[in-house]
Amino acid sequence: MCLGLKTVAQEHFRELALLRRVRDRIDRERALPLDIDSLAAVADLPIALFVRRFRDAYGLSPHDYRRATEAVRNREALAANPAVA
């Protein structure tokens, strides 16, 4: 692998690790409002690029990811306790 490609690959993996950190923060802080500015800062990316890269990595925007995980949690809670429905 030439030096240029190796550098690009290292930067890509660094970015993926930061995006994983953001995803974990979204999961961990699900009761708090979603603050795109601070999430983009964690990923060390401008907001528009952060949203695009997050979507590339996870298939959903940060807001859509949060909504999807909440929907899964709600379905699991209903399945675990059907008497509530």
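A few remarks follow.
- So Ala71, is it of a type in the set (A, V, I, L, M, F, W, C) and within 16 Å of Arg14 (Cα to Cα): no
- Residue among Val51, Val42, Val8, Val72 that is part of a helix (DSSP H, G or I), among the β-branched types (Val, Ile, Thr) and in contact (Cβ under 8 Å) with a residue 24 or more places away in the chain: Val42
- Residues that are without any contact (Cβ under 8 Å) to a residue 40 or more places away in the chain and surrounded by 12 or more Cβ atoms within 10 Å (Cβ to Cβ), drawn from the stretch 54-66: Phe54, Arg55, Tyr58, Leu60, Ser61, His63, Asp64
- Complete set of residues in the stretch 11-39 that are among the hydrophobic types (A, V, I, L, M, F, W, C) and either out of contact with any helix residue (DSSP H, G or I) (no Cβ under 7 Å at 6 or more places or on another chain) or touching a residue at least 60 places away in the same chain (Cβ under 8 Å) (or both): Phe13, Ala17, Ala31, Leu32
- Of all residues in the stretch 52-68, those that are touching a Leu at 6+ places or on another chain (Cβ under 9 Å), among the hydrophobic types (A, V, I, L, M, F, W, C) and farther than 13 Å from Glu15 by Cβ total 1.
- Among the residues of the stretch 18-28, the ones that are closer than 17 Å to Val72 by Cβ and surrounded by 13 or more Cβ atoms within 10 Å (Cβ to Cβ) come to 2 in all.
Computed from the coordinates by the stated procedures, all read-outs in this text should not be read as laboratory data. This is a predicted model, so every value here is computed, not measured. Note: ideal-geometry Cβ built from the backbone for every residue, glycine included; neighbour counts use all protein chains shown.
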